[in-house]
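To start, the structure under review is shown below, and the notes come after it.
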Amino acid sequence: MTTTDMPRKVDSGSGRAVPKKRLGGAASGGFRRAVPATTLLWVLAALYGLPVLWFVLSSFKPAGDLFSLPLTLFPEDPTVSGYKAAWDSANFSQYFINTTIVCVIATILTVGVSCCTGYALAKYDNKWLKVFFVGILATTMLPSEVMLAPQFLVVRDLGLYNSLAGIILPAVLTATGCFMFRQFFLTVPDELIEAARIDGARELSIFLRIMVPISRPIMLTLAILSFQWRWNDYIWPLLMLNDPGKFTVQIGIQSLVGAQNINWSVVLGGSVISMIPLIVVFLVFQRYVMNADINAGLKD
Amino acid sequence: MTKRAPDVSASPPRSRSKYTLAPLVLIAANAVLFALFFVWPAVIGLVYSFTNYTGVGAFQFVGLDNYSHLFGDSIFFDALTRTLLYTVLFVPLNFVFSLLIANVLVSKHAKGVSVARVFFFIPWLLSPIVVGVLWRWLFGENFGLVNYLIEKVGGSAVPWQSNADLSLIVVVVAASWAWTGFSMLLFIAAIKNVPTSYYEAAALDGAGPWRQFFSITLPSIAPTSFIVILLNTIHGMKEYPLFASLNNGGPGTSNNLLVQYIYQTGFKSGQIGYASAASFVLMLILMAVAFMQLIVNRRVENR
């Protein structure tokens, strides 16, 4: 599979040894080159940032001012009334707690299970493991959106309908997670394992005591990804949950915006609230996502 | 594992294959999940696609009836062509912008990269539902900022919501905007892994930035480009929540995509068998895309 070939590049080139010095000679042209590149960068950044900025600033406008012309970028008298209305009206606090429970449990399970699988796929050489790997690849071809109806029936038959477990368990197996760990463990030299074996370590304790600790950056990266996936899930919770007391945040927002007459003040407030946890998680762990360089670890 | 005579002690088996228990324990949890939530639904989905099952009670096998109905179902075809059109627009737009931004971000000439990065990344954090709400707010026909600005400079209000094609374009732009962060990350990692010596050699030979990009960067990151295109194609084919919140598949039903069609036939009208048949058509398309891209990629790599 093509994906598996990626780490090889790092082994062959000594490229990353001096990343800062790329195109060393050209640095003298400094300022003349900095201007167009910097301009382009910030024009693009503005293009990407403006929609969010407009959205967030609008959410601070009082409901009456939202549509008053001329539109102003900054609210004239900022208020949080939209937020309060959203928080109180639609049972939002309950949705928040539900979503948090789902995210935390699903993330822990996903990281643990993917780490084990990724290690097995990278460091053991059995025929049936290869078959299993192809099976995991196949899950990307058949995402749950494609199998909505049959997956729903299975989860219902397992007695998980209308429970948070029904959202969590089907989401734990992710091909992306397994890939990430597999690619990381492929870059770990086999000699490390051989040495531990010679020292008499048992297979599982090699995994738990050597491999799990060194894979920490991947764990954090996958944890952030998984948290984001589950926080943003919409269609599966929508199918699984029947009881409004168990709804997640996304269902709550969609029910606000799907209404006949949209109360934009409440929608804006609710949406911005729902963005906060992810943005906080992201800003705190930024470097683990940004440097999601799967080759971090042993190679320099 | 492999076929070998029992007494060949001279050529020992590959050292790793003697471990069976440890890998088995390690993959056990995922194997169970795989069987429960992938194999089982896939099998019953395939079986149900040949039946008239409604989710409860008894069902009859109807042979290929579901599939032959499907091919005569104009609603299904509309959904299918709309989905393909959406994907064909979304994938290249996202590809070009992510690659451009990734290149600007790794360029050492640009200033303020670490701050600008956050701007590209935040849209990716947002849920498709929120992205839809956000762009609906931006492109509202009577109240949106975009139409306000268009009228301000003398244009007339554009029917972003009531024209089916414009409505689709808004979704395409919104999706590309939201997915840039992810594709960009993959590209950045790939570009950083291109050995610097290539660029140094090219610079010595007098190759300019464009030449370096097309002759070194682009071929070197081909595997990543392949993954980005593959992931985005799959993502595009199964889009639903973004449409749900942006225009609810509208105006009318003109922007109902495949997943929405499957959802509605399966869960709103209870035709599980029929919806399963539609699902399998979607699966076949996804597999065809994957195989096609795999072949193209092989050819590019072996060149």
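If I filter the range B:227-239 for residues that are at the interface with chain A (Cβ under 10 Å from one of its Cβ atoms), assigned to a loop (DSSP other than H, G, I, E, B) and under 14 Å from the mean Cα position of the chain (by Cα), do I get at least one hit? Yes, because at least one residue in the range B:227-239 is at the interface with chain A (Cβ under 10 Å from one of its Cβ atoms), assigned to a loop (DSSP other than H, G, I, E, B) and under 14 Å from the mean Cα position of the chain (by Cα). Of the listed requirements (1) more than 10 Å from every other protein chain (Cβ to nearest Cβ); (2) touching a Phe, Trp or Tyr at 6+ places or on another chain (Cβ under 7 Å), B:Q260 misses just one: (1). Scanning the range B:97-112 for residues that are in a helix (DSSP H, G or I) and within 7 Å of another protein chain (Cβ to nearest Cβ) gives B:I101, B:V104. Scan the range B:191-212 residue by residue and report those that are more than 8 Å from every other protein chain (Cβ to nearest Cβ) and under 20 Å from B:A116 (Cβ atoms). Residues satisfying the conditions are B:I191, B:P209.
Among A:V212, A:V172, which is modelled with pLDDT of 90 or more, more than 19 Å from A:N91 (Cα to Cα), under 20 Å from the mean Cα position of the chain (by Cα) and of a type outside the set (K, R)?
Numbers: A:V212 fails: under 20 Å from the mean Cα position of the chain (by Cα).
Of A:V212, A:V172, the one residue that is modelled with pLDDT of 90 or more, more than 19 Å from A:N91 (Cα to Cα), under 20 Å from the mean Cα position of the chain (by Cα) and of a type outside the set (K, R) is A:V172.
Quick check on this structure: which one of B:F77, B:F38 is crowded, with 16+ Cβ neighbours inside 10 Å and free of Cβ contacts under 8 Å to residues at least 12 places away in the same chain?
Working: B:F77 fails: crowded, with 16+ Cβ neighbours inside 10 Å.
Matching residue, one of B:F77, B:F38: B:F38.
For the range A:169-223, which residues satisfy the criterion of being among the hydrophobic types (A, V, I, L, M, F, W, C), outside any helix (DSSP H, G or I) and surrounded by fewer than 22 Cβ atoms within 10 Å (Cβ to Cβ)?
Here is the first cut: in the range A:169-223, the residues among the hydrophobic types (A, V, I, L, M, F, W, C) are A:169, A:171-173, A:175, A:178-181, A:184-186, A:188, A:192-193, A:195-196, A:198, A:201, A:204, A:206-208, A:210-212, A:214, A:218-220, A:222-223.
Filter again for outside any helix (DSSP H, G or I), leaving A:173, A:188, A:201.
Result: A:V188, A:A201.
Return a yes/no flag: does the range A:260-282 have any residue that is touching a Pro at 6+ places or on another chain (Cβ under 9 Å), surrounded by 22 or more Cβ atoms within 10 Å (Cβ to Cβ) and over 21 Å from A:I108 (Cα atoms). Yes, there is a match, as at least one residue in the range A:260-282 is touching a Pro at 6+ places or on another chain (Cβ under 9 Å), surrounded by 22 or more Cβ atoms within 10 Å (Cβ to Cβ) and over 21 Å from A:I108 (Cα atoms).
Looking across the range A:135-163, the residues that are touching a residue at least 60 places away in the same chain (Cβ under 8 Å), assigned to a helix (DSSP H, G or I) and either more than 7 Å from chain B (Cβ to nearest Cβ) or in contact with a strand residue (DSSP E or B) (Cβ under 6 Å, 6 or more places away or on another chain) (or both) come down to A:L137, A:F152, A:V155.
Of the residues B:M283, B:M292, only one is within 8 Å of chain A (Cβ to nearest Cβ) and in a helix (DSSP H, G or I); which? Please lay out each step first, then the result.
On the way: B:M292 fails: within 8 Å of chain A (Cβ to nearest Cβ).
Selected residue: B:M283, the only one of B:M283, B:M292 that is within 8 Å of chain A (Cβ to nearest Cβ) and in a helix (DSSP H, G or I).
Just need a number here: residues in the range B:54-96 that are more than 30 Å from B:L185 (Cβ to Cβ) and either in contact with a Leu (Cβ under 9 Å, 6 or more places away or on another chain) or in a helix (DSSP H, G or I) (or both). Residues in the range B:54-96 being more than 30 Å from B:L185 (Cβ to Cβ) and either in contact with a Leu (Cβ under 9 Å, 6 or more places away or on another chain) or in a helix (DSSP H, G or I) (or both): 16 in total. Tell me whether the range B:147-157 contains one or more residues that are crowded, with 21+ Cβ neighbours inside 10 Å, among the hydroxyl-bearing types (S, T, Y) and out of contact with any strand residue (DSSP E or B) (no Cβ under 7 Å at 6 or more places or on another chain). No: the range B:147-157 contains no residue that is crowded, with 21+ Cβ neighbours inside 10 Å, among the hydroxyl-bearing types (S, T, Y) and out of contact with any strand residue (DSSP E or B) (no Cβ under 7 Å at 6 or more places or on another chain).
Does B:A278 satisfy being within 21 Å of the chain's Cα centre (by Cα), within 8 Å of chain A (Cβ to nearest Cβ) and under 24 Å from B:A175 (Cβ atoms)?
Working: within 21 Å of the chain's Cα centre (by Cα): yes; within 8 Å of chain A (Cβ to nearest Cβ): no; under 24 Å from B:A175 (Cβ atoms): yes.
Taking the combined requirement at face value, the residue does not satisfy it.
Taken over the range B:43-67, the criterion of being surrounded by fewer than 21 Cβ atoms within 10 Å (Cβ to Cβ), within 14 Å of B:S279 (Cα to Cα) and either more than 12 Å from every other protein chain (Cβ to nearest Cβ) or small (G, A, S) (or both) is satisfied by B:F50, B:Y67. Among the candidates A:F179, A:F185, A:F207, the residue that is touching a residue at least 12 places away in the same chain (Cβ under 8 Å) and closer than 24 Å to B:S183 by Cβ is uniquely A:F179.
Can you tell me which residues in the range A:47-67 are facing chain B (nearest Cβ under 8 Å), at pLDDT 85 or above and surrounded by fewer than 18 Cβ atoms within 10 Å (Cβ to Cβ)? So that I can check it myself, show each step before the final result.
In the first step, residues of the range A:47-67 are kept if they are facing chain B (nearest Cβ under 8 Å); the result is A:48-49, A:51-52, A:54-55, A:58, A:66-67.
Keeping just the survivors that are at pLDDT 85 or above gives A:48-49, A:51-52, A:54-55, A:58.
Within the range A:47-67, A:G49 is the sole residue that qualifies.
Of all residues in the range B:134-174, those satisfying the criterion of being away from chain A (no Cβ under 13 Å), among the small types (G, A, S) and part of a helix (DSSP H, G or I) are B:A164, B:S167.
The values are calculated or read from the model by the stated rules, or taken from the named source; none is laboratory data. As the structure is a computational prediction, the values presented were derived from the model and not from experiment. We place every Cβ from the backbone using ideal geometry, glycine too, and count neighbours over all the protein chains shown.
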